[in-house]
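**Student:** Structure below; questions to follow.
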Amino acid sequence: MRVLMVGAGSVGQVYGWHLQQAGVEVHVFVRPKYVEEAHAGYVLYPPGVRTPIRFQPSGVVTSPAEVAAQTWDQVWLCVSSTAVRGAWLAELTAAMGDAVLVSLLPGLRDRDTVAPLVPPERLVIGLIAFSAWHAPLAGEPLPEPGMAWWHPPFTPSQFQGAPAAVRPIVAALKKGGCPAIAADATAMAARGSSFLVPLVAAMECAGWAFAGLRTARWASLAAAAANEALTISTSHLGISPGPLAWVLTPTLVRAATRVVPLVAPMDFEAFLKSHFSKVGDQTLLALDLWVVEGESRSLPVAALTELAAELRRARGDAAV
């Protein structure tokens, strides 16, 4: 099986390595300035491993023309929601032949962006279920910088699509040591993002500190914004909010800030700051899209609007 990972950040490296462990031929699509790094390979620290290993892609491409010159079984989108703007994605999907497109884009309207580009039987929606970071974080005793990651318990990566397209993905990941299942990834991603993104935004406003997020101001705003996001996301998809709607309270926000650090193998505050600072534009885009979608459906958006404004203010946006 030949797979092309579009983007070789944390997501592309981790899934690419797991697929390679299963015997898959993994190539990467990167911008020209990252070609040298890709050819050199990536230093990785799989869960529980403190000795660096190297993920060496089988090949590196930088343009749709190079993609079209080869044959692929799957093409994985391992980039952020903000990265798929412009014409390049349509050019890429036109160049990939009959390959299955695996979209790991997390945004509210990302499926609407990719769905017109390939037939439904060749589109798989995936939900990323690991936490990856550029190691070492502060205090991590590692011999050299690299990508580390953690699979939280009972949270396999989920993939949704035609069974014939999903089965090889799940089988390869499981063979390569990555927990994975066929499931309704779209619904789970919508509910999960609705909870996670407002919490991360409020935590950034609170100085990237769990203690700050636990204060009445930020815990209440995060919970209110998460409730609005959940209502908007599930209305957009035409699905039930599920039991999460019953428990999205400031108490849950505070509980999450205390429980997660107890089970995570790394400094989770430092991880959130490191990871979400890099995808900060995606956080704001998600908040803004919820506001637009909520207003179009006459749903409440006051907390989301306030949180987006506070986040811009925390970042020193002069327009706020």
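**Student:** Where the only charges are on Cβ atoms (+1 Lys, Arg; -1 Asp, Glu), what is the dipole of segment 226-317 about its Cα centre, to the nearest 20 debye?
**Tutor:** The dipole magnitude comes to about 240 debye.
**Student:** A further question follows. Treating the angle as unsigned and between 0 and 90°, give the value, to the nearest 10°, between the Cα long axis of helix 302-314 and the longest Cα principal axis of the chain.
**Tutor:** Helix 302-314 sits roughly 70 degrees off the main axis of the chain.
**Student:** Can you put C178, C78 in order, fewest other beta carbons within 10 Å first?
**Tutor:** Ascending number of Cβ neighbours within 10 Å: C178, C78.
**Student:** Determine the relative contact order of segment 187-314: mean sequence separation of Cα pairs under 8 Å and six or more apart, normalised by residue count, in whole percent.
**Tutor:** Value for segment 187-314: 34 percent.
**Student:** In segment 24-85, what trypsin sites (Lys or Arg not before Pro) fall in a loop by DSSP, with at most 15 other Cβ atoms inside 10 Å?
**Tutor:** R50, R85
**Student:** Just from its helices, what would the mean residue ellipticity at 222 nm be for the chain, if runs of 4 or more DSSP H residues each count -39500 (n - 2.57) and the sum is divided by every residue, rounded to the nearest 500 deg cm²/dmol?
**Tutor:** -14500 deg cm²/dmol
**Student:** Would you mind ranking L213, L44, L244 by Cβ crowding within 10 Å, fewest neighbours first?
**Tutor:** L244, L44, L213
**Student:** So I have (1) 18.6, 62; (2) 21.0, 75; (3) 19.5, 57, and one of them is Rg and Dmax of the Cα atoms in Å calculated from this model. Which one is it?
**Tutor:** The value matching this structure is (3).
**Student:** Once the dipole of segment 2-183 is set up with Lys and Arg at +1 and Asp and Glu at -1 on Cβ about the Cα centre, which of V24, V61, A138 lies farthest towards its positive end?
**Tutor:** About the Cα centre, the residue reaching furthest to the positive side is A138.
**Student:** What angle do you read, to the nearest 10 degrees and between 0 and 90, between the alpha-carbon axis of helix 216-237 and the longest principal axis of the chain?
**Tutor:** Helix 216-237 sits roughly 50 degrees off the main axis of the chain.
**Student:** Moving to a separate point now. Determine the sum of side-chain charges near E228: Lys and Arg each +1, Asp and Glu each -1, restricted to other residues whose C-beta is under 14 angstrom from that of E228.
**Tutor:** -2
**Student:** Right, next: If you take every residue apart from L117 with its C-beta less than 12 Å away from the C-beta of L117, what net charge results, scoring Lys and Arg +1 and Asp and Glu -1?
**Tutor:** -1
**Student:** Treating the beta-carbon of each Lys and Arg as +1 and of each Asp and Glu as -1, no other charges, what is the dipole magnitude of the chain about its Cα centre, to the nearest 20 debye?
**Tutor:** With only Lys, Arg, Asp and Glu charged at Cβ, the dipole is about 540 debye.
**Student:** Rounded to the nearest 20 Debye, what is the dipole magnitude of segment 95-160 about its Cα centre when Lys and Arg each give +1 and Asp and Glu each give -1 at the C-beta?
**Tutor:** For this selection, approximately 160 debye.
**Student:** I would also like to ask the following. Please rank M266, M1, fewest neighbouring Cβ atoms within 10 Å first, as an exposure proxy.
**Tutor:** The most exposed by this proxy come first: M1, M266.
No value in this document is a laboratory result; all are computed from the given coordinates. Small disclaimer: the values here were computed from a predicted structure and weren't measured. Cβ coordinates were reconstructed from backbone atoms using ideal geometry, including for glycine residues, and neighbour counts include every protein chain displayed.
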